[in-house]
Structures are given as structure tokens and as C-alpha cells.
Amino acid sequence: MIIPPARFPTVTKDHYERTSVSVLGAAAPAEADDRDLVIVALSGVQSFIAESRTTADLYAASEIVGRLASTAAAVCAAPAGAEVVFPVGNAVASETYGTVDLVKAVPNRVVALVQAGAGAQVAAEAAEQVREEWAGWVRESFGRDISTPGMPSVQWVAVPAGHGDYAAKWRLAQEVLTARKRVRDFPGDGQSEWFGRRLCAQSPRWPAEETRPVGTPPHETDVLSAANWVKRRWARKSPGEYVGFPSTGSIASAPYRKMILGRLGEADVYRAVTDLRRVLAQIAPVRESAVPGLDDFCNGDDEPLARWLVESAGHWVHPDVWDGRRLRRGFARDQHDERDFGRIAAAGRGAASTLAQALGGIPPPAYLAVVAQDLDGMGQFLTENATGPAKHRRISEQLSNLAADQRNKMSAPGLFGVPVYTGGDDLLAFAPAATALQVARACHDLVPHDDLPTPSTAILYFHRGASLQRAVSEVGRLLHDAKASHPAKHALAVGFLRRSGARESTIQPWVPAPELAPVYSTGDTAADLLRVFADETGRRISPRLLSDLTRDAEEFADQHLPEELYEAELARLVVRHGGTLADGKNLASLGYLERAGRPTSGDGRRTPERAARVAVFLRQECGQMSDQSAGAKR
């Protein structure tokens, strides 16, 4: 329905209410629904989540958004006769996942049908409850009210019953919400004027608070705004208690620790782990959030030591984290603490290095990956299927079930996937470098393609010591590029970001077009082609392959060169630089299917420069780890 300009939604004077609109307009069509349609949306959540320095911040931001959306859903469900369409009821509850509590599959948008004439009131109440809950968390942290403009940003639309059936009201609501998003409003009364104040290190749109919340540990010295202090303190339930999220180092080392667990029976390994535990005990009784699935490998007579490996050692098996100044900054009781942190750091670094030597000189992995997935064209899909609330509720249930399935799959033994959020239509998760492609493939395959849109996926590998905020932003950009690479979307983007700043990415179709199907083996996907290069049995491919591909690019691009000769020459180069004939075949396939940097219609190029750079990285940094014993038993 097109609303005449004179009847376009009006804006009130109150800043908060300016994020809200109520639709007025033409008379009802012949086929009418007797309830108002309400949509309450939390905007800006992606930036709030991405503006995180640690994985605990990231988890907390996701959890906060989920709690606020749950509050809006609860308010919309309260009136007699109300029906919440999105999310379904079982998505609003919490569930324990490892050592954290997650709100299950709550999207950042709530859709409900309420009694005719009550839509605007219910929507406004839901928005107010969301704001009050957030304000309460700020007061709990600082003991006073502090303005955080734009957090939360709540927008709502209420379409009266007189605007037709569910489909008509849905279309109208989407049009109005889209128009509302184009409006930029700013709070008055000086709420956005902070002359002479430092800005927040994570979110410079807000000023940093001059005082830290009561009970903040001494080592927490970041310059943060009130909104980010709420995020930072979210998992601290009470003094001395901290329920958080696995760190980047802990996630990266999960396969390494699995290998250690499988070899604890060896005398050298057992002794090295015991020494590492003894050194760490000199700092503090450290306990981390366990990586899901790792505790499945605890067994045998070494249960206490194995449990310590799972729950406390993830960060500390990396020798380079043992730095005296960092230890003092993070663990000194006060400025008069007389412990020799330099000596402790040297002992810890030695114990971690000895452990690596006991494992045959294998160091812990330096890289991990962040995985993002999003269903293609979800907005259009919902509009096309807006035949009634029952249809949308079925879709909502499917998304909730998909989210639960993806969480369960990621926690399967050996995958070590750690979800930040799973909403069914999208997800964000971390995984060790060695298993990231498997995690992405598993989450992709769980999507029922006959009932829901196809998914596009992005994987970004990054160093455990690199900026997390940059990694999350980069994976979002990769996902956007994957979707934009072809009208059909359904793409997989895989990229890496080295600590030195070197980067590359390749974009592949998840499954090939029919005319290119022979390139793949039966059942293969792009993830399978790339995963070959992270195989533990694969030989390391020399980076010099990339120089040869660049040098010979013009010859490879010659369309008069038969495919058989092209593939044979490419395989020869790969073998010459340490790979195998199978590696050469896979690289040829990836070159044929490359979408990045090419027009959607194709341009005849086939040289796999991008894929080769990614393949070299995978072979260097993402190899699987064997837990086969090679030493003497105790």
C-alpha cells in the first residue's frame, strides 16, 4: 500500500518517541484482519557488538541485545489475545552453553499481533521497557543515570487493523520502517556535546567516563564509555566471580590441548604440563571459560590435570604470553606486590616451550578464525511468504530450530566452534584455524534449502594477538562482498589477515553452477576444496608459487591454451613448490570458480592467484594436529 504524503507517519517532539511511528491511512480493503500489527526493532546492534576489544565483550554485547529483544517480546506477548510471531516462544528462554548463559535465537526485531487499537500503546510500552532495562544496567554499574545516545535505539511501527490482511500490513510496515531508517535524528539538550572530554577507546561516538564502576579490577584500565563499561562488566556476577567467554588464545589452542590430552600418558608431556600448572598457580587461581567440546577428551587416571588443561591452560600454553610486565599489570594485588613477575614469566615461558618440545617441537597455533553466516534475501523471503501469521510463525520456528542445531553442531567433539550468537538467519562464531572450514560447512549444511533461503558465509583467519574489533569488522566486509559477488549469492568467502598486515581473500560459490559441476567431485563444496590445504598430511606449499603464478599470469590467461595443458602446467608448478597433483587440481577448480574481483558474467580468467595465496596460508597456519603418541609412557 502506498501512503499519500499527507498521511505519512508523524514525528513527536520527544527524542525517544521520534524513533517511533504509527501508521494512519486509507480505509480497510475487503479482506481485513482484526488485529494491529506491531514491529519493534533494535537498530545499530551490529556496530554495538562489533565494537568489542575482547571475546568476552563480544559475547556480552550479543547477550545484552538478546536480553533487550526478549524484554520487547515479553511486553508484546503480555496483552490478552496477543500473538508474538517473531521470535517463537521457546527462543526467548535462556539455555546454558558451556559456562555461559545464552538467550536462544532471539532476533533484533519483534513482530506481534495485538488487539485492534492497542498496537501503538503496546509498541511504545515495549520500547520504553527496553530503554528502562538498559538504563537500570547503567545505574547498576555506576550508581547514577548516564546518557548513552543511540543505545538502545528502538524503532517501532504499528499498523492498525483497518489496513487489510496480514500480508498488506506486513508490506506497509516494511515500507515505513525502511523510510524511518533513512531519517537521522539527534538528541537535544546537549546530550551529544562533550567538550573537553576524552572519547571512548572502543566506541568514540560516546565520551569516556572519568570514573570506573565500583569493583572494577585494577588491571582494567581501558578508557571506556558507560555503554562499554556495561558490556565489560556484564559477565561479572559478583565480586571474585567471573563467567565469561573463551579468549582468542584459548580458542586457537583447543586442537593443541586436545593433542596434549591424548598424550598425557607420556612422561615428558605429563611433567611439562605439571610444571606449567605449578608456575601458573604462583599468579592466581586462574579459571577460563572452556571451549565447547574439549572436555569430551578428558579421561583416564589424569582427570584433575586434564580438567585443568581444559579449564585453565588455554591462554597459557602459548610461550609468548609469559611477559613479566603484562603479568604484573594483570595480576599484581597492588603496587606493593613483591612477587618477582619477571622470574615467574621466565619459568612459565620455559614450561610452555618445554611442553612444545615434548610434543615433538609442535608449537601451539597462532591463528584462529571468525565465521559469519547470513541467509540471502531474508527480507524479501519474509515478504513473499507473508500469507498469514501462521506461515511466519512456522518460519520463525524453523529459524529457532536451525539456531539450536547450529549451536549443538559447533560443540561436537573435535570442531571446537564457539558461537557468539546464532539467530537462525545469521550467526557469528569463532573456531580454531584447523576446524574453521569444517564449522562453516556444518552450519551451511544444516540450513534446509527447500524451506529457507540459501546462506552465504565468510571466514576470516586472524592472529590471536591481533585486534578483535578489526577482525569482526573485516569478516562483516567479507560477508558483504560474498553476497555482492554474484546475483545468486550463496557464496563462501575465505580470507586471512596476518599480523604483519598481509591479507588476501577468495570468494567461491558454495556449490558450482550446473555447467561447472564436473569441476567438483561428487558432494564437494568450496569448503571441501579449500579444506584440503588445511589437511595434516599435506606438505607445505612454498610461497614462491605465488611469484610464479604472477610471472606466468599472461600465459595462463591465454584463451588459446587448452584446459588440459593449463591444468597440467599449473599442477607442475604446485608440485615444484611442495604441493601435490591433487593440490594442483583443486587450485585449478578454485581458479575457474573465483568470484572475487571478477564481473558476475565472468571475464574468462582462470588463474587462481587469490585462491593460491589463501591456500598457502592454510597449509602454513591451519594444519590439523595428530595426538598419536611418540614418547615414553609413564
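Values for this structure:
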{"quantity": "Breaking point among (1) closer than 13 Å to GLN373 by Cβ; (2) more than 20 Å from the chain's Cα centre (by Cα), for SER500", "calculated": "(1)"}
{"quantity": "Tabulated pairs, the range 419-438, first over 22 Å from ILE395 (Cα atoms) and without any contact (Cβ under 8 Å) to a residue 60 or more places away in the chain, second of a type outside the set (Val, Ile, Thr) and surrounded by 24 or more Cβ atoms within 10 Å (Cβ to Cβ), C-beta under 7 angstrom, 6+ apart or interchain", "calculated": "ALA429/MET410; ALA429/GLY417; ALA429/PRO419"}
{"quantity": "Inter-residue pairs, beta-carbon under 7 Å, first closer than 8 Å to GLY249 by Cβ and in the range 315-328, second assigned to a helix (DSSP H, G or I) and of a type in the set (S, T, N, Q), 6+ apart", "calculated": "HIS315/SER250"}
{"quantity": "Residue selected from the range 598-627 under the condition farther than 29 Å from SER253 by Cα and touching a Lys or Arg at 6+ places or on another chain (Cβ under 7 Å), by the criterion modelled with the highest pLDDT", "calculated": "ARG598"}
{"quantity": "Condition broken by LEU460, with the remaining ones in (1) outside any helix (DSSP H, G or I); (2) touching a Lys or Arg at 6+ places or on another chain (Cβ under 8 Å); (3) among the aliphatic types (A, V, I, L, M) satisfied", "calculated": "(2)"}
{"quantity": "Of all residues making up the range 378-391, the number that are in a helix (DSSP H, G or I) and either modelled with pLDDT of 95 or more or surrounded by fewer than 16 Cβ atoms within 10 Å (Cβ to Cβ) (or both)", "calculated": "7"}
{"quantity": "Unmet requirement for VAL310, which otherwise passes all of (1) hydrophobic (A, V, I, L, M, F, W, C); (2) crowded, with 18+ Cβ neighbours inside 10 Å; (3) under 15 Å from GLN282 (Cα atoms)", "calculated": "(3)"}
{"quantity": "Top-ranked residue in the range 528-547 [being exposed (fewer than 15 other Cβ atoms within 10 Å of the Cβ) and modelled with pLDDT under 80; ranked as farthest from LYS585 (Cα to Cα)]", "calculated": "GLU536"}
{"quantity": "Candidates GLY465, GLY476 - the one that is in a helix (DSSP H, G or I) and either modelled with pLDDT under 95 or not acidic (Asp, Glu) (or both)", "calculated": "GLY476"}
{"quantity": "Residue check for GLN398: under 26 Å from the mean Cα position of the chain (by Cα), crowded, with 16+ Cβ neighbours inside 10 Å, assigned by TED's automatic domain parsing to the domain that holds PRO509 and without any contact (Cβ under 8 Å) to a residue 60 or more places away in the chain", "calculated": "yes"}
{"quantity": "Entirely in the range 11-109, the strands (runs of 3 or more DSSP E) that have 3 or more residues that are at pLDDT 90 or above", "calculated": "35-43, 83-86"}
{"quantity": "Top-ranked residue in the range 114-172 [being of a type in the set (Phe, Trp, Tyr) and under 28 Å from the mean Cα position of the chain (by Cα); ranked as surrounded by the most Cβ atoms within 10 Å (Cβ to Cβ)]", "calculated": "TRP156"}
{"quantity": "Hey, LEU368 more than 24 Å from ALA290 (Cα to Cα), out of contact with any His (no Cβ under 7 Å at 6 or more places or on another chain), at pLDDT 90 or above and surrounded by 16 or more Cβ atoms within 10 Å (Cβ to Cβ) or not", "calculated": "no"}
{"quantity": "Unmet requirement for PRO285, which otherwise passes all of (1) at pLDDT 90 or above; (2) within 30 Å of ARG407 (Cα to Cα)", "calculated": "(1)"}
{"quantity": "ALA123, sole failed condition from (1) assigned to a strand (DSSP E or B); (2) in contact with a Phe, Trp or Tyr (Cβ under 9 Å, 6 or more places away or on another chain)", "calculated": "(1)"}
{"quantity": "Filter pass, ARG232 being outside the structural domain of VAL420 (by TED's automatic domain parsing) and either surrounded by fewer than 21 Cβ atoms within 10 Å (Cβ to Cβ) or small (Gly, Ala, Ser) (or both)", "calculated": "no"}
{"quantity": "Residue check for PHE416: under 15 Å from ARG441 (Cα atoms) and touching a residue at least 60 places away in the same chain (Cβ under 8 Å)", "calculated": "yes"}
{"quantity": "Conditions (1) closer than 24 Å to ARG499 by Cβ; (2) in contact (Cβ under 8 Å) with a residue 24 or more places away in the chain; number of the one not met by ALA345", "calculated": "(2)"}
{"quantity": "Qualifying residue in the range 296-317 (condition: among the hydrophobic types (A, V, I, L, M, F, W, C), at pLDDT below 90 and outside the structural domain of ALA436 (by TED's automatic domain parsing))", "calculated": "yes"}
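The values are calculated or read from the model by the stated rules, or taken from the named source; none is laboratory data. Here the structure is a predicted model, which means the values were calculated and not measured. All Cβ positions, glycine included, derive from the backbone under ideal geometry; neighbour counts span all protein chains shown.
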